[in-house]
Amino acid sequence: MNKWELARRDLLKSLGLGMGCLPLLHASKVWGAPTGPRRLLIVMNTNGLRQQYWKPKEGDLMTQTLPDSSSPLEPYKKDIIFCPDMSQPAYGGGGHGSYVSCLASGPNDNKGEYRVPFAPTIDQIVGPGLAMQGNLSRATLPLGIQIEGGNAGIFPSQRMCWKDRNTPITPEEDIYKSYADVFAGKSNAPADTGAIKALMAHKKSLLDYTGSSLDRFKARLGTDDKEIIDSHLHSVRDLENQLASPKVDLTKCGSDPGNPLDVKSSANWPTLFKLSVDLMVAAIRCDVTRVATLAPCDASGSNISFKSAVPEANRGWHSMGHSPVSGGVDNKRFADKWLMGQFGALIERLKAVPEGTGTMLDSTIVLWANHMEEGANHNSQRTPWMLAGNVNKYFKLGQCAPSAGRPVNGVLYHIAHALGFPVEYIGTQVFGGGWDGLAA
Amino acid sequence: MDRRPGPNGIVLLAIGCLACTGRISEDAVSDPTSGTKPPGNGTMTGGKGGTVTPPPMGPNAPGAAPLRRLTVREYNNTLRDLLGIAPASRDLGVDQDAGGFAVGGPVTTSGDAARLLDAAEQLAAGAAAKIGTLVPCAPVPADAAAQGDCAKKFINQFGRRAFRRPLAPEEAADLFAVYSAHRGGDINQPFDQAIRSVVAAMLSSPFFLYRAEGANLPPVKEQGLVRFNPHELASRLSYTLWGSMPDDALFAEVDAGRLTTPEQIEAQARRMLKDPKIADAIADFHLQWLYVDGLPKEPPKDPKFTAYTPQLVEAMLKETAAFANEVFAGDGKLERLLTGTPSAIDPALAKLYGAPDPTQRAGVLTQASFLAMHANAADTNPVRRGAVVLRRLLCNDVQPPVNMDVGQPKPPAPGLTTRERFAEHAENPCATCHRLTDPIGFAFENYDAIGAWRTTEQGKAIDASGTLALSGSDLKFKNAVELARGLAGAKDVRECLATQWLRYFTRRNESAGDTASLEAANAAFASSGYDMRELLVALTKTRAFTHRSPSVGEVLP
C-alpha cells in the first residue's frame with residue numbers, strides 16, 4: 001500500500017465517509033511545505049456582482065486599472081486572481097440554488113432549486129486532513145451571519161458546506177459565542193480553579209452520558225439510521241476534545257470583539273461581517289483550525305442590509321440584486337464595492353502577519369466566492385470567484401484568469417492540490433479536473 | 001420552516017426547459033434522499049448473525065420509518081408539555097425536508113452538539129423552580145441516601161415522560177451515575193442542582209431528541225414487517241396530531257394495554273382531534289403543504305409594495321392557519337378549504353383585499369400567503385404558482401431539468417403582460433414542462449406579487465382563463481376562483497390530499513407498499529363526503545401508520 005492510499009484511508013476515516021464519497025486521490029506532484037501550515041478561508045456571497053463595474057480584462061492585472069467596484073483591491077493586484085464567468089455544470093440553470101452545492105459541484109438530488117449535494121464540499125475535503133496534520137480538534141470553523149432570517153427559507157438553502165449528503169454543516173451565527181468557544185477569556189467560565197474543575201467535570205459527565213446513550217441507541221439501527229447517529233456521536237466526541245484542549249489566548253492572535261451587539265439586527269450586519277473575518281484570521285493565526293468558512297447570508301440574502309455601512313446601498317441585498325438601480329442610484333454597485341473592500345482588508349490582515357520569510361498570506365488560500373453572476377439575471381453559469389494567497393507558490397497570481405465557461409470545479413481542484421490534496425477531480429470526473437491558467 | 005420551490009420565480013423560468021419530468025412520486029421509492037426504502041430490497045442482518053428474509057413486496061408492505069430528530073416545533077412543544085416552560089430561543093439548527101414535510105436536521109458538527117447541550121442546560125436551569133414539583137419526594141429528605149432513592153424514582157418517572165416509554169434498568173443506572181457524579185467529586189452539587197443536571201442529560205439524550213420510542217424494546221415482527229409497539233404508536237399519534245409528546249391519558253392507555261387494536265387507535269385519534277392542541281398541527285400541515293411557512297417578514301418585495309410589512313406578513317400566515325382550523329372545527333370538508341372564506345379577516349389584510357367579494361377570493365389558494373409566497377419581488381410568477389399547485393395539490397412532482405445551461409432569462413419586455421411574456425414557453429422546447437405549470441399559474445394573474453386583486457396589467461385586461469387536464473376530464477376555468485372550485489371537486493386533488501397527509505404522518509414519500517393504506521384512507525375520505533378529519537382518523541389505522549419495513553442493516557432480535 002503506498003502512502004497516498006494510506007492517507008486517503010485516514011482522510012476518509014476522519015471524514016466519516018465511505019469510499020465512494022470522496023474524489024479519488026492520486027499520487028501526483030508532491031508540493032513542498034509552505035512557510036506556515038496550509039490554510040483555507042472561504043467567504044461565500046450571493047446576488048452576484050455588477051459585472052461592468054467589477055470585472056477586469058482577462059490577463060495581467062498589473063497592466064490595467066481595476067474597475068470601480070474592484071478598485072479597493074488595487075493595492076493587492078499581485079496577490080489575487082479574478083475568475084469571472086465560470087460555469088457550474090453540475091447545477092445547471094440559474095437562481096439561488098447554486099449557493100447550496102457550488103462548493104461541491106458534483107452529483108446532487110436534483111430536487112427543485114435547492115439541491116442537496118451528494119459529495120463533500122471543499123472545506124470538508126481538506127479540513128479534516130489539515131487538522132490531522134496539526135493534531136487539531138477543530139477540522140473547520142463554520143461561521144454564519146443572519147442566515148436564519150433569509151428569504152430563501154427552504155432547506156437546504158441555508159447551508160453551503162456539506163460533509164456528505166444529508167449532513168450539512170451548520171454555521172455558528174453568534175459570533176460572540178464563536179469567539180468564546182475558540183479563545184480563552186471570552187466565555188462565562190468562572191475565574192477560580194475549583195469552579196473551572198467543577199464546570200469541566202459537569203460538562204464531561206453530560207457528554208459522557210450523551211455519548212454512551214448514542215452508542216446504546218444505535219445498536220439495533222439500520223445502516224442509514226446508524227450513519228445519522230454516528231454523525232451525532234462524532235460531533236459529541238469532537239466537542240469533548242475541544243473542551244479538553246486548552247484554549248488559546250485571543251490577544252496572541254487577534255483583538256477583542258468588544259461588547260456584544262445584537263447578532264440578529266440588520267443594522268449590525270456590516271460590523272458582524274468584519275468581526276467574523278477577524279475571527280477567521282485569528283483562528284488560523286493561532287492554529288485553532290486551518291479551514292474557516294463564512295456564510296454572511298442564506299442563499300438569497302434578502303434580509304441582509306449594508307445600509308449602516310453603505311448608506312447608498314439602502315435596500316436588501318436580494319432586492320438590490322434584482323433591481324440594482326433605484327431612483328437613479330446604482331445601490332448594488334456600492335454594496336459590491338464595500339464587499340471588495342472587505343476582501344482587501346482580509347488580504348491586508350493576512351499580509352500583516354509575518355511568518356518565516358514571508359507572511360501568513362503565503363500559506364493561506366482565500367476563496368472569495370459568489371454563486372451567481374449578477375443579481376439582475378440570477379445566472380449561475382457565469383460565476384465570479386476570486387482567489388488570494390500564494391500557498392507554496394502554487395497559483396499564478398496577479399491575473400484575471402481565462403476562466404470563461406470553465407467549471408468552478410477547476411478552481412476547487414486547484415485549491416485542493418495547492419493545499420496538498422492531489423485529488424483526481426472535484427464533483428464529477430467529467431468536468432471536475434483542473435484547467436490551465438490558474439497554476440503557476 | 002419552509003420548503004417551497006424557491007425564492008425567485010426567475011428560477012423555473014430559467015431552468016424549466018427540456019428535461020423536466022412530470023413524475024408522480026412513486027419513483028421516490030428508490031430515491032436515496034426521500035426517506036423511503038423499497039421494502040424487501042437488500043439483505044438485513046439478523047440479531048444472531050443470521051439473515052432476515054426480506055419482506056415481500058406488496059401493496060400493503062409500507063416502507064421503512066427513517067430515523068428522525070424532533071423538528072424545532074416538536075422540540076419546543078415537547079418541552080412545553082414536559083417541563084411547562086417556554087424553550088430558550090437558542091437556534092437548534094434548521095429542519096430539513098422528508099417527503100415534502102419537515103424533519104429535524106442532522107447533528108454534524110461539534111457546534112451542533114454544543115448548541116444542543118447548551119439548550120439542554122438552559123432549559124434545565126429554566127425549570128429549576130419546578131424541580132420541587134417534578135421530584136417524587138416533598139419535602140426533599142435531608143439524608144443523602146434518601147435523596148438518592150428519590151433521585152432514582154425521579155429518573156424513572158421523569159424519564160418515562162422524557163423518553164416517552166419506560167426506562168430500561170441500565171438506562172436508569174446510567175442516569176443515576178450522572179446524578180452521583182454531580183453529588184460528589186469536583187462537582188459536588190446539592191440535590192436540586194444534581195437533579196437539574198440529570199434533566200439536562202436526558203434532554204441531550206438521543207432517546208429524547210429522536211423519534212425512536214421503541215429503541216429499547218423488542219420489535220414486534222408481523223408478516224415480515226415490524227409493528228410499532230404501543231409506546232411508539234402513542235408517540236406517532238401525538239407527534240402527528242399535536243406535534244408533541246403523548247399526554248397522561250395516552251400514556252395511561254399504553255400502560256393499560258389499550259393502544260393496540262385499530263378501534264383503540266381510532267378512539268384516541270378522535271379524542272386527540274378534539275383537543276385544542278390539534279390546532280397547532282392543522283396550522284403546521286397547511287402552512288407546509290402550501291409551502292407558505294417561510295413567507296419572509298423582511299422586505300424581499302419591491303419597495304413599491306409599501307403595504308408589505310412584517311405585520312401584514314404575520315396576518316397573512318395567521319389567516320391561512322386560522323382558516324384551516326376554522327374548516328376543521330366546522331364541517332371539515334376539503335371543498336370549504338378550497339372554496340370558502342374566513343369568518344374574520346385582519347384589518348390590514350382586509351385593506352389589501354378590498355371589500356369582500358366571493359368572485360375574487362375562494363379558499364386557501366386565493367389567500368395572500370399563497371399568492372405572495374409564490375411570486376417574485378416585483379411581479380407575479382405563474383410558473384411558481386402553477387408548479388406549487390401541480391406538486392402539492394395534484395401530486396405531480398414536476399422537476400427542473402438536469403445539467404443544462406439555458407442562459408439568461410429575457411428581461412421583462414415593456415408593454416407586455418406577464419402572460420404574454422411567458423407565452424414563449426409554449427413555443428419552444430421549454431413547453432415540455434411549462435405546458436403543465438403555466439396554464440395553472442395564469443389563473444392567478446388577477447393577484448399581484450403580494451396578493452392584491454387587479455384586473456389590468458400594462459393597461460390590458462387580465463386573462464386568467466385556462467384549461468387543466470385532470471383524470472377523466474378537462475377543467476376549464478376563467479380565473480382562480482373557478483379553478484379552485486374545480487380542484488375542490490377533483491378526484492386527483494382528493495387523492496393527492498390523502499397522499500400529502502400520509503407523507504405528513506410518515507415523513508417520507510409513499511411507496512408501492514402504501515397502496516392499500518392509501519386506498520383505505522381514500523375510501524374513508526370519500527364515504528365521509530371528503531371530511532378531512534375522517535381522512536386523518538382513517539390514516540391512523542392504516543399499515544403505513546402502524547407498521548414499517550425493517551431497515552437495511554437493522555438488527556432484529
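Out of the residues in the range A:219-240 that are touching a helix residue (DSSP H, G or I) at 6+ places or on another chain (Cβ under 8 Å) and more than 8 Å from chain B (Cβ to nearest Cβ), state the one that is modelled with the highest pLDDT. It would help to see each step written out before you state the result.
If we filter the range A:219-240 for residues that are touching a helix residue (DSSP H, G or I) at 6+ places or on another chain (Cβ under 8 Å), which is where we start, we get A:221, A:229, A:232-233, A:235-240.
Narrowing the set further to residues that are more than 8 Å from chain B (Cβ to nearest Cβ) leaves A:233, A:237, A:240.
Details: A:233: 94, A:237: 91, A:240: 90.
Filtering the range A:219-240 for residues that are touching a helix residue (DSSP H, G or I) at 6+ places or on another chain (Cβ under 8 Å) and more than 8 Å from chain B (Cβ to nearest Cβ), the one modelled with the highest pLDDT comes out as A:233.
Looking at (1) part of a loop (DSSP other than H, G, I, E, B); (2) modelled with pLDDT of 95 or more, which is the only condition residue A:28 fails?
(2)
Being assigned to a helix (DSSP H, G or I), over 13 Å from residue B:446 (Cα atoms) and at pLDDT below 95: is that true of residue B:389 here? Let's see the steps before the verdict.
Numbers: assigned to a helix (DSSP H, G or I): yes; over 13 Å from residue B:446 (Cα atoms): yes; at pLDDT below 95: no.
Against the criterion (assigned to a helix (DSSP H, G or I), over 13 Å from residue B:446 (Cα atoms) and at pLDDT below 95), residue B:389 does not qualify.
Residues are listed down the side, and each one gets a yes or a no for (1) in contact (Cβ under 8 Å) with a residue 40 or more places away in the chain; (2) within 14 Å of chain A (Cβ to nearest Cβ); (3) buried (at least 22 other Cβ atoms within 10 Å of the Cβ):
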{"residue": "B:255", "(1), (2), (3)": "no, no, no"}
{"residue": "B:264", "(1), (2), (3)": "no, no, no"}
{"residue": "B:284", "(1), (2), (3)": "yes, no, yes"}
{"residue": "B:288", "(1), (2), (3)": "yes, yes, yes"}
{"residue": "B:302", "(1), (2), (3)": "yes, yes, no"}
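What pairs come out if I take residues in the range A:240-253 that are closer than 19 Å to residue A:139 by Cβ and pair them with residues that are in a helix (DSSP H, G or I) whose C-beta lies under 6 Å away, six or more apart or interchain?
Pairs found: A:240/A:207; A:242/B:110; A:243/A:203; A:253/A:282; A:253/A:285.
Given the criterion part of a helix (DSSP H, G or I) and basic (Lys, Arg), identify the matching residue among A:274, A:264.
Details: A:264 fails: part of a helix (DSSP H, G or I).
Of the residues listed, the single one that is part of a helix (DSSP H, G or I) and basic (Lys, Arg) is A:274.
Return the residues of the range A:157-166 that are at pLDDT 80 or above and at the interface with chain B (Cβ under 7 Å from one of its Cβ atoms); say none if nothing qualifies. Before you say what the answer is, go through the steps one by one.
Looking only at the range A:157-166, we keep the residues that are at pLDDT 80 or above, and these are A:157-164.
Selection gives A:158, A:163.
Rundown of residues vs (1) buried (at least 24 other Cβ atoms within 10 Å of the Cβ); (2) hydroxyl-bearing (Ser, Thr, Tyr), yes/no style:
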site	(1), (2)
B:98	no, no
B:103	no, no
B:111	yes, no
B:126	no, no
B:133	no, yes
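Out of A:366, A:391, I need the residue that is assigned by TED's automatic domain parsing to the domain that holds residue A:77 and within 16 Å of the chain's Cα centre (by Cα). Which one?
On the way: A:391 fails: within 16 Å of the chain's Cα centre (by Cα).
None of the other options fit; the residue is A:366.
With the requirement that a residue be in contact with a Cys (Cβ under 7 Å, 6 or more places away or on another chain), in a loop (DSSP other than H, G, I, E, B), within 12 Å of chain B (Cβ to nearest Cβ) and closer than 25 Å to residue A:248 by Cα, what does the range A:283-325 give you? Working first, answer last.
Step one: of the range A:283-325, the residues in contact with a Cys (Cβ under 7 Å, 6 or more places away or on another chain) are A:285-286, A:293, A:304, A:317.
With in a loop (DSSP other than H, G, I, E, B) added as a condition, the list becomes A:286, A:304.
Within this subset, residues satisfying the condition of being within 12 Å of chain B (Cβ to nearest Cβ) are A:304.
None - no residue of the range A:283-325 is in contact with a Cys (Cβ under 7 Å, 6 or more places away or on another chain), in a loop (DSSP other than H, G, I, E, B), within 12 Å of chain B (Cβ to nearest Cβ) and closer than 25 Å to residue A:248 by Cα, so the list stays empty.
Tell me, please, whether a residue that is assigned to a loop (DSSP other than H, G, I, E, B), of a type in the set (D, E, K, R) and either modelled with pLDDT of 85 or more or out of contact with any Gly (no Cβ under 8 Å at 6 or more places or on another chain) (or both) can be found in the range A:130-138. Break it down stepwise before answering.
First, the residues of the range A:130-138 that are assigned to a loop (DSSP other than H, G, I, E, B): A:134-138.
Pick out the ones that are also of a type in the set (D, E, K, R) and you get A:138.
Narrowing further to those that are either modelled with pLDDT of 85 or more or out of contact with any Gly (no Cβ under 8 Å at 6 or more places or on another chain) (or both): A:138.
Yes, the range A:130-138 has at least one match.
Which one is modelled with the highest pLDDT, of the residues in the range B:93-104 that are assigned to a loop (DSSP other than H, G, I, E, B) and more than 7 Å from chain A (Cβ to nearest Cβ)? It would help to see each step written out before you state the result.
Our first condition is that a residue be assigned to a loop (DSSP other than H, G, I, E, B); within the range B:93-104, this holds for B:93-95, B:99-100.
After this cut, where a residue has to be more than 7 Å from chain A (Cβ to nearest Cβ) as well, the list is B:99-100.
Details: B:99: 84, B:100: 87.
Within the range B:93-104, the match that is modelled with the highest pLDDT is B:100.
Being crowded, with 21+ Cβ neighbours inside 10 Å, at the interface with another protein chain (Cβ under 7 Å from one of its Cβ atoms) and at pLDDT 90 or above: is that true of residue A:212 here? Step through it out loud before you land on a result.
Working: crowded, with 21+ Cβ neighbours inside 10 Å: no; at the interface with another protein chain (Cβ under 7 Å from one of its Cβ atoms): yes; at pLDDT 90 or above: yes.
No, not satisfied.
The values are calculated or read from the model by the stated rules, or taken from the named source; none is laboratory data. Predicted model only: the values in this text are computed from it and were never measured. Positions of Cβ are generated from backbone atoms using ideal geometry, with glycine treated the same way; all protein chains shown enter the neighbour counts.
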